[in-house]
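Read-outs throughout are calculated quantities, based only on the coordinates presented, and are distinct from any laboratory measurement. This is a predicted model, so every value here is computed, not measured. FYI the Cβ positions are ideal-geometry reconstructions off the backbone, even for glycines, and counts take in every protein chain you see.
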């Protein structure tokens with residue numbers, strides 16, 4: 001247990017350093033606040049503040065408003081995941097927002113006394129920093145006092161953050177004429193993150209985002225992929241989740257570096273997401289978290305870590321560090337936040353208009369995620385760009401995988417002339433080739 005803690009702390013230290021001084025905006029729904037264990041998230045928020053992270057929290061109030069309406073025997077009205085707010089509902093919104101805000105402020109005081117953060121002085125600040133406008137009539141529905149953000153007073157928020165306060169905002173906005181509007185927590189958080197150009201926006205939701213086919217948590221999507229996901233599964237997605245995904249797209253496309261959607265029912269969700277390489281939620285950004293790029297000499301150690309176990313099993317031909325350094329420009333790597341999780345070499349034979357694939361390897365913890373396919377697709381597109389006509393590979397263990405991806409069985413005569421002369425018959429490698437004519441997929 002002690003060794004596990006030491007290893008975890010060492011692994012998290014780069015993230016502690018990277019996040020210090022950054023601005024992170026976190027939203028969570030009223031349902032999260034009702035969870036009896038929510039105080040643990042408060043402990044984590046206080047810890048983030050103590051680590052020098054500039055923190056803005058935006059809370060939701062939906063179930064609290066519903067409860068106050070139910071006390072008056074009024075059925076809540078919604079359309080497309082947004083509340084229709086009449087005058088009665090607006091009074092309930094005001095009451096619920098005030099109640100939840102006070103409860104959260106109290107948690108930052110009372111719950112910390114019995115936590116590892118006991119003795120810490122955490123200041124919570126708030127203010128009327130959200131200027132709103134009416135949502136109006138959409139598709140024939142009058143949303144009443146439901147509003148949307150017009151502008152964020154970012155200077156006021158920055159002043160609070162500079163005083164090392166945790167900024168706590170309610171989903172309420174005020175018009176320039178003094179009207180009060182009911183807003184969604186995720187929209188407020190998104191606009192605040194955009195106004196502050198925050199490094200991260202974290203949207204806490206009731207469950208993981210899963211691929212409807214594989215039932216696995218989706219670890220990451222680009223904004224384009226997120227939009228396609230929303231469109232394809234529009235009838236299956238809960239309206240609130242759909243709104244959160246659209247908020248993530250909006251934030252990413254308007255300057256927020258990364259948006260994370262986390263299950264608020266997981267204890268320590270924010271800490272696990274921020275201080276580990278893989279996190280536990282869904283990351284959305286304009287580009288992939290994993291970077292596919294040409295290798296450099298700095299990657300030699302990471303490539304060796306990948307291929308040495310496969311060399312020991314006889315799956316790959318043994319390569320020395322010196323040979324890797326000499327031919328490093330032929331390698332493509334998948335870089336996941338500094339860790340090489342995949343690699344492939346592409347040796348060009350211009351006279352034969354061929355590229356030989358070699359050393360295709362994926363980190364054991366990152367297999368079954370389509371990464372080998374992504375590397376192969378990149379090499380195919382690279383080959384086309386260079387005017388090559390054929391890919392070839394020598395393999396002893398993975399011929400089935402390559403056949404599934406369009407390769408055919410060949411002979412030594414299908415290899416480039418130079419490779420025919422170097423062929424090592426003792427390995428009994430199979431020769432596979434693939435003729436290429438059109439790009440095989442998206443980078």
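If both residues of a DSSP beta bridge must be in the chain, then about 55% of such bridges are antiparallel. Compute the long axis of helix 239-253 from its Cα atoms, compare it with the longest principal axis of the Cα atoms of the chain, and write down the angle in degrees, 0 to 90, nearest 10. Its long axis makes an angle of about 70 degrees. With contacts taken as Cα pairs under 8 Å at a separation of at least 6 residues, the chain carries a relative contact order of 12 percent. Using Cα-only point scatterers and the Debye equation, what is log10 of I(q)/I(0) for the chain at each q in 0.10, 0.12, 0.13, 0.14 Å⁻¹, rounded to two decimals? Rounded to two decimals, the profile gives -0.80, -1.00, -1.11, -1.22.
Rg and Dmax over the alpha-carbon atoms of the range 291-435 stand at 14.4, 41 Å. As a proxy for reagent exposure, ranking 54, 293, 430 by other Cβ atoms within 10 Å from fewest up yields 293, 430, 54. Helix 371-385 and the long axis of the chain differ in direction by around 60°, with both axes built from C-alpha atoms.
The tail of the calculated P(r) for the range 1-149, taken as Cα-Cα distances beyond 20 Å, holds 61 percent of the pairs.
The Stokes-Einstein estimate for the range 219-334, based on a Kirkwood radius over Cα pairs and taken at 37 °C with 0.692 mPa s viscosity, is a diffusion coefficient of 191 µm²/s. Of interest is the spacing of the C-alpha centroids, which for the range 189-212 and the range 265-332 amounts to 26 Å. Rounding to the nearest 10 and keeping the result within 0 to 90°, find how far the Cα-based axis of helix 2-19 lies from the longest principal axis of the chain. It is inclined by approximately 70 degrees.
Neighbour counting of Cβ atoms within 10 Å sorts the residues 375, 87, fewest neighbours leading, into 87, 375. With neighbour counts taken as other beta-carbon atoms within 10 Å, the residues 181, 37, 135 rank, fewest first, as 37, 135, 181.
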